[in-house]
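One structure is given here, and the rest of the page talks about it.
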Amino acid sequence: MRPIAPPDYLAGYPAHLADSVRETIACGKLGGILLKTYPQPHDVRTDRSLYDYVQAIRNRYLKNSAPLSKVAYDSKLQLLHKALGTHSTVPRVQGGKLKAKREIRIAGIFRDMPDAFLRMIVVHELAHLKESEHNKAFYQLCQHMEAQYFQLEFDLRAYLTYLDAGGEPLWPSTTSPTPGADG
Ligand SMILES: [Zn+2]
């Protein structure tokens, strides 16, 4: 495998915004700002509770979408600047018929984040049930499910940039996850 450059989480933003995040990180202030805005981690610790969390949002906004067969945290999922989670449609034969199996995997790093960031990535992956591309309709759907979607994505990307720069996790878990519980 050839080495890949670390992702630039702020690549999609105007230069002055990205620069201001990097400056805030460089002078050691970003962590405090994020903690003030998002003081608490969420408590969606297990795949089971993540499934319920995702279903609750799906049932509220996307009742008519295909049911989800699996929802899980995936610690092996690499964070990419375009794919913070994954959604996939796995074709499988069931009773002689080909059925699409819908799965949502959320990068394990989201286990130790505030509710707002988890909600943002869940909304993102749920929106992909309707729109596969990152187009206008896709982002409208994200905003429909979470009015603060763009602000949350920006703050999340600022946090990921901070971690990349060697910052300490801001919402570390008090108990380590059960080994192998990722499924
Ligand atoms: Zn996407």
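What follows is calculated from the coordinates using simple rules that are stated; it is not laboratory data. For clarity, every value in this text was computed on a predicted model and none was experimentally measured. With ideal geometry, Cβ positions are generated from the backbone for all residues, glycine too; neighbour counts draw on all protein chains shown.
What the table below lists for this structure:
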quantity: Amide H contacts under 5 Å for ASP74, placed H, 5+ residues apart; calculated: ILE106, ALA107, GLY108
quantity: Cβ-defined net charge surrounding PHE138, 10 Å radius [Lys, Arg +1; Asp, Glu -1]; calculated: 0
quantity: Spin-label model distance (nm) - ILE57 vs GLN143, 7 Å beyond Cα toward Cβ; calculated: 1.7
quantity: Förster radius 30 Å - calculated FRET efficiency between LYS36 and LYS136 (Cβ-Cβ, nearest 0.05); calculated: 0.35
